[in-house]
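Structure first, then comments.
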Amino acid sequence: MIEPSPAPESVPAPSHGVEWRVLAFQLFLLPLFIVAVCAGIFLLFGRLAGEKKDARTLLAEVRKHAGYRSLEAWEYNPCWLAARQLSTEIRQEKEKASLRKDPVFGKELVEVFDDPRIQDEVRAWAALALGELGTPEGVQALMRGVAAGSEDHRARRYACAWALGAAGAHAAVPAL
């Protein structure tokens, strides 16, 4: 005869609940740590890859890519990018003061502005750079830019008018 086995001692049932600290770590802290590490890597490589160019280098890039034509967006046009960065660089007071003392730079910027190979959107950024520089040659070139052109050159003419205001060219008021 088979004897029945004795009743097992009471074994605690396994708990299916997870402690809140483990959940907080799994759902919040671990993803936050991963995002922080990825952002740090992105910023590090961005610093390493992003070189700072001075105004003279950017002007040389605008000249180099003056005849660049593309059906791509403007953000991929190297001439447009260099002209935009040049305008931004000249807005900084320290750079502006040193460039105003350099007569060659102002004349070269006027030559780039007057270059017929430059597209109007690029010329608009060059106009803003001339306005920020505020040299007499630049003001004369901007006044020519406002007077010349038709409705097809609206972006360039608008930028020239804006740049004349930034330069504080009171002589340009009648022409405007």
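Selection over the stretch 65-92 of residues that are more than 13 Å from GLU132 (Cβ to Cβ), in a helix (DSSP H, G or I) and either at pLDDT below 80 or of a type in the set (A, V, I, L, M, F, W, C) (or both) gives a count of 7. With the structure loaded, tell me whether GLU95 is modelled with pLDDT under 85, part of a helix (DSSP H, G or I) and surrounded by fewer than 21 Cβ atoms within 10 Å (Cβ to Cβ) or whether it fails that test. Taking the combined requirement at face value, the residue satisfies it. With (1) under 26 Å from LYS52 (Cβ atoms); (2) open to solvent by 50 Å² or more (accessible area, probe 1.4 Å); (3) at pLDDT 85 or above as the list, and GLU137 as the residue in question, which single condition is left unmet? Tallying (1) under 26 Å from LYS52 (Cβ atoms); (2) open to solvent by 50 Å² or more (accessible area, probe 1.4 Å); (3) at pLDDT 85 or above, GLU137 fails exactly one: (1).
The values are calculated or read from the model by the stated rules, or taken from the named source; none is laboratory data. Please read all numbers here as calculations on a predicted model, not as lab measurements. For neighbour counting, all protein chains shown are included, and Cβ atoms are generated from backbone atoms with ideal geometry for every residue, glycine included. Each accessible area value is taken on the protein alone, full model and side chains, heavy atoms only, with ligands, DNA and RNA left out. Shrake-Rupley method; radii C 1.70, N 1.55, O 1.52, S 1.80 Å.
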